[in-house]
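These notes are about the structure you will find just below.
Rule-based calculations on the coordinates, nothing more; no lab input. On a predicted model such as this, the values are computed, not experimentally measured, just so you know. With ideal geometry, Cβ positions are generated from the backbone for all residues, glycine too; neighbour counts draw on all protein chains shown.
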C-alpha cells in the first residue's frame, strides 16, 4: 500500500513538472542572428557545374536602419577577374504579386576595374538587392573562385560577405551545331566543330565521327554517328575522305538531358567527374537510330578527349540534326 | 506471485522461438525453398546500354522446347546488353545476371537454367538472337 502511494505521488509530480516545463513564456524575446544595424546577405542562384563561358549569378542584399544612413556603394571582388560581360545590376529587384521580378534603378550601371565590379548608388535608399553576374573566364578553368561582397554606407561603414570557393569545371561546351548528312557531316571533338568532306580531308586526324541519316526498308537506321572506320554496313554510301582512320568509341544514352546542353526543364548536369569515371573500353565505334533528346558518350581514338554529344533536334526530311557537346580533356 | 511470473516469461520465450522457426528452409542465396515445382520463363527482355529495349517485337518463349527467340534491331551492340528474365513464382535463375552480358557469339547461343521453387526441377533455356537485316 505504502509502495502504491509512493508510485502515485511520483507520477503526479512528474506530470506537474511536465506541464510547468511546457508553459509558454508570455513575453518571448527574439535574439537577432546578426548584429542590429548595417547587414548584408548573399545567395548563389545558379546550380550545376560552373562551366567557362557561363554565368555565376548571385543575389546580393544589403540594408541598414534609415537613421544610421543610406547606401553609398556596393562592390564585388572576385579572386579571378570575370570575363567580359561580368556586371553588377544597378537595379534592385522585388517580386510582385504575380511572381514577376520588378527592377527599380538605384544606381549607375556597374563599372569593373580588374576583379572588382562596383555600383555607386544614386537613389536615396537604405536597402537594396542587386544581382551579380560573373562570366566565368578562361583563366579560371579548373581553378577555384571566391567572392567578397562589400557594401558601404554613408557613414563610411563597410561590411563584407564572402562566398565560395567555387570550383570551375575543366570541361568545354559547344551548343547548337547543325550537322547535315553528306554536307557538314564530319564531327571533330578536338575542334568541337563540324566540317564538310573537303574540310575533313584537310584535317583527317581530327575527324572523330561521321553523321548520316538513312531510311532503309526492314531495318531501323535513321540518324547515326559512326566512326570513319566503322563496319561498312553501318555507314552505307557514306563518302569517307582518304586519311580518316579514327575509330572513336561511342555509347548511346537515353534520358540524360543535361540542363546546359538541352536547356529543358530537367535538372540534370554532366560534370567533370562523369567524364573521369566513364569507361568506354567495351563500347562500339558506331551508334545508329539516334533520336531527339538522346545522346552519346564518346571517347576519341587517341584517348585525349571524352565528350557527351546531345541531340537537341532531328529533321528526317532535311537529314540534319542539331547537336550540343560537352567535352573533357583527359591529357 | 514470483513463480507465476517465471512461468509466464518461460511461456513467452517459447512462443517467440516457435514463432521464429522458419516454415521453409533457405537456400545458399538466402531465398526460401518452397513447395512449388513449376519451372518456366514467363517473359524476356533485352536492354541496350541506354536501357532501352533492343527487341523489335516480343520475345517468343517456348516452354516445351525451352527456347527464347529474340529479334533485335539492326546495329544492336550485342556485346553490351542487359538481359532480364521474368520467372514463375519462387523460381530462380542460374547463372545469375549481375550486369552487362555479351550475346555477340550468335553461333553459340547463351543458356540459362531456371530452378523451381522447391529447387528440385531445373530447366535450361537457350536464348536465340536474330539481328534485323536490310
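Counting neighbouring Cβ atoms within 10 Å and putting the fewest first, the residues A:90, A:260, A:223 line up as A:260, A:90, A:223.
Please give the calculated 222 nm ellipticity per residue for the protein assembly as shown, where each DSSP H segment of at least 4 residues contributes -39500 (n - 2.57) and the sum is spread over every residue; nearest 500 deg cm²/dmol?
Calculated at 222 nm, the ellipticity per residue is -3500 deg cm²/dmol.
In plain terms, the chain from residue A:94 to residue A:111 could stretch by 3.8 nm, reckoned as 0.36 nm per residue minus the Cα-Cα distance. Placing R0 at 25 angstrom, the Cβ-Cβ distance between residue B:37 and residue B:82 gives a FRET efficiency of 0.30 after rounding to 0.05. Of the residues B:57, B:123, the one with the fewest other Cβ atoms within 10 Å heads the list, and the complete ranking is B:57, B:123. Among A:180, A:66, A:92, whose mean-square fluctuation peaks in a Gaussian network model of chain A (Cα, cutoff 10 Å)? Answer for the Gaussian network model of chain A: A:66.
Counting Cβ atoms of other protein chains within 10 Å of each Cβ in B:72-84 and taking the mean gives 4. If you plug the beta carbon distance of residue A:59 and residue A:176 into 1/(1 + (r/R0)^6) with R0 = 45 Å, you get a FRET efficiency near 0.95. From a point 7 Å beyond the Cα of residue B:67 in the direction of its Cβ, which residues of the stretch B:97-134 have a backbone N at a distance under 20 Å? Under 20 Å, as judged by backbone N against the label point of residue B:67, lie B:103-114, B:123-133 of the stretch B:97-134.
Model label points for residue A:215 and residue B:107, set 7 angstrom from Cα along the Cα-to-Cβ axis, are 3.8 nm apart.
A simple packing score, the average count of other Cβ atoms within 10 Å per residue, orders the peptides B:86-97, A:112-123, A:185-196 as A:185-196, A:112-123, B:86-97, with the highest score first. Legend: mean number of C-beta atoms from other chains within 10 angstrom of residue C-beta atoms, peptide B:41-50, equals 3.
For residue A:229 and residue A:183, a Förster radius of 22 Å and the Cβ-Cβ distance give a FRET efficiency of 0.55, rounded to the nearest 0.05. So for the stretch B:70-115, considering every pair of alpha-carbon atoms, how many percent are separated by more than 12 Å? So the portion of pairs separated by more than 12 Å is 69 percent. Sort A:281, A:110, A:292, A:227 so that the residue with the fewest other Cβ atoms within 10 Å of its own Cβ comes first and the one with the most comes last. Going from sparsest to densest Cβ surroundings: A:281, A:292, A:110, A:227.
For peptide A:244-255, the mean count of partner chain Cβ atoms within 10 Å of a residue's Cβ comes to 2. Once both labels are positioned 7 Å from their Cα atoms along Cα-to-Cβ, the gap between residue B:6 and residue B:26 label points is 3.5 nm. Modelled spin labels at residue B:47 and residue B:96, positioned 7 Å past Cα toward Cβ, are 1.8 nm from each other. The calculated Kirkwood hydrodynamic radius for the protein assembly as shown is 28.9 Å, given to one decimal from all distinct C-alpha pairs.
Computed across the stretch A:172-329, the Kirkwood radius stands at 15.4 Å (inverse of mean 1/r, all Cα pairs). List the residues of the stretch B:76-120 whose backbone N lies under 19 Å from a point placed 7 Å from the Cα of residue A:222 along the Cα-to-Cβ direction. Hits in the stretch B:76-120 for residue A:222 at 19 Å: B:76-78. For the stretch A:80-104, the residues whose amide N sits under 12 Å from a probe point set 7 Å from the Cα of residue A:122 along the beta carbon direction are A:90-91. Evaluated over the Cα positions of the stretch A:217-258, the convex hull gives a direction-averaged projected area, one quarter of its surface, of 4.4 nm². Starting from one equal scatterer on each C-alpha and no solvent at all, send me the Debye-based log10 I(q)/I(0) for the stretch A:94-176 at q = 0.15, 0.17, 0.26 Å⁻¹, two decimals. So the normalised log intensities are -0.79, -0.94, -1.35. For the stretch B:25-131, a Kirkwood hydrodynamic radius built from all Cα pairs, placed in the Stokes-Einstein relation at 37 °C and 0.692 mPa s, yields a translational diffusion coefficient of 228 µm²/s. Taking 0.36 nm per residue of sequence separation and removing the Cα-Cα distance, the residue A:318/residue A:264 pair yields an extension gain of 17.1 nm. Based on the Kirkwood radius over alpha-carbon pairs, what value in µm²/s does the Stokes-Einstein equation return for the translational diffusion coefficient of the stretch A:39-167 at 37 °C and 0.692 mPa s? Stokes-Einstein gives a translational diffusion coefficient of 220 µm²/s. Measuring nothing but how far apart in sequence close Cα pairs (under 8 Å, 6+ apart) lie, relative to its length, chain A scores a relative contact order of 14 percent.
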